[in-house]
């Protein structure tokens with residue numbers, strides 16, 4: 001997030017100065033590609049390089065100090081880097097965004113979102129992979145997921161979170177009856193907090209516009225931090241920041257919200273699923 005803020009500011013200052021990336025690169029003694037990567041937030045700029053850019057843009061005083069401090073902070077690594085070998089590279093970027101998001105809007109058609117999973121449910125999902133990691137690696141990944149939950153859900157001022165789940169999510173048996181009961185109870189408990197809203201999109205809703213798959217819309221507090229849509233697929237992910245693309249997903253989420261059961265109806269349906277979870281692990285009829 002800090003890198004994104006710095007990138008947006010540097011790009012804006014360059015444009016205000018009427019300079020090309022090539023001109024900035026020549027002044028700073030780097031390649032135009034380096035300037036492009038810094039302005040797109042794909043690379044962290046050194047403080048010295050940022051200082052040379054600010055010299056060129058004639059930025060001084062408090063504004064300069066703020067940007068230089070932002071450059072220093074942008075090079076700091078988050079807590080997850082200590083265990084980065086246990087997190088796929090394409091997930092690490094998401095964890096960084098997740099840390100600073102103030103709103104989450106997520107649709108999931110197949111499984112409970114990671115931030116809402118119990119340990120037992122998360123372990124069962126991880127063990128469904130075609131190639132299983134060693135036991136110690138799996139436990140480390142599980143520990144990281146629980147840490148992510150703690151850092152997001154237990155903040156002093158937690159983000160506002162709105163989840164829409166396909167009814168299949170609460171009907172699909174994951175990890176056995178006891179695990180599934182615990183997970184469903186967890187959903188009910190979270191849905192009763194002030195910062196988490198959960199809706200079920202029932203089978204009766206029929207065809208709907210999000211049948212292509214799940215997505216998450218992350219919202220941030222500062223205008224310089226554009227809202228981002230995160231779409232995950234097998235072994236990778238896509239980030240969308242173009243306002244027109246983000247707006248399209250917001251519209252899609254609103255359509256789902258209108259077709260889904262209300263929060264109270266959702267809790268009743270989940271409670272019914274708890275009662276109907278049979279010992280043999282089979283779920284909703």
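Read-outs throughout are calculated quantities, based only on the coordinates presented, and are distinct from any laboratory measurement. None of the values given here were measured: they were computed from a predicted structure. Using ideal geometry, Cβ is built from the backbone for each residue, glycine included, and neighbour counts are taken over all protein chains shown.
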Taking 236-242, 108-114 and ranking on average Cβ neighbours within 10 Å, highest first, one gets 108-114, 236-242
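In nm, what is the difference between 0.36 nm times the number of residues separating residue 257 and residue 110 and their Cα-Cα distance?
Values: separation 147, 0.36 × 147 = 52.92 nm, distance 1.70 nm.
In short, 51.2 nm is gained.
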Helix 135-153 sits off the longest principal axis of the Cα atoms of the chain, rounded to the nearest 10 on a 0 to 90 degree scale, by 80
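Given the -39500 (n - 2.57) contribution per DSSP H run of 4+ residues, what per-residue ellipticity at 222 nm results for the chain, rounded to the nearest 500 deg cm²/dmol?
Working: 12 runs with 145 residues, N = 285.
Roughly -16000 deg cm²/dmol at 222 nm, from the helical runs in the chain.
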Bridge orientation stat for the range 83-276 from DSSP, antiparallel percent rounded to 5, came to 50
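Ranked by Cβ crowding within 10 angstrom, fewest neighbours first, how are 225, 135 ordered?
Numbers: 225 20, 135 9.
Taking fewest neighbouring Cβ atoms as first place, the list is 135, 225.
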Measuring from the longest principal axis of the C-alpha atoms of the chain, the long axis of helix 2-16 (C-alpha) lies at a number of degrees, nearest 10, equal to 40
Hits in the range 93-121: amide N under 19 Å from the 7 Å Cα→Cβ extension of residue 178, namely 118-121
In terms of the alpha carbon gyration tensor, root eigenvalues a ≥ b ≥ c, rounded if a/c is under 1.5 and otherwise prolate when a/b exceeds b/c or oblate, the range 29-77 is oblate
Once both label points are put 7 Å beyond Cα along the C-beta direction, the residue 146-residue 26 separation in nm becomes 5.8
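Quick check on the exposure proxy: order 232, 39 from fewest to most C-beta atoms within 10 angstrom.
Working: 232 16, 39 22.
So the residues, fewest neighbours to most, are 232, 39.
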For the chain, longest principal axis from Cα atoms; helix 263-276 axis from its Cα atoms; angle between them, nearest 10 degrees, is 50
The Cα extents of the range 83-276 along the principal axes, largest first and rounded to whole Å, are 46, 41, 34
Pseudo-spin-label distance residue 60 to residue 208, built 7 Å along Cα→Cβ, given in nm, is 5.8
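Using a Förster distance of 25 angstrom, determine the FRET efficiency expected from the C-beta separation of residue 160 and residue 75, and round it to 0.05.
Details: r = 30 Å, r/R0 = 1.20.
The formula returns an efficiency of 0.25 here.
Could you list 35, 229 in order of exposure, starting from the residue whose Cβ has the fewest other Cβ atoms within 10 Å? Please report the intermediate quantities before stating the final value.
Values: 35 27, 229 22.
By the 10 Å Cβ count, ascending, the order reads 229, 35.
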In nanometres, the difference between 0.36 nm per residue of separation and the alpha-carbon distance of residue 242 and residue 42 is 70.4 nm
Relative contact order as a percentage, the range 83-276, C-alpha pairs under 8 Å and 6+ apart, gives 28
Checked the range 11-54 with the C-alpha gyration tensor, a ≥ b ≥ c its square-rooted eigenvalues, rounded below a/c of 1.5, otherwise prolate if a/b is larger than b/c and oblate if not; verdict rounded
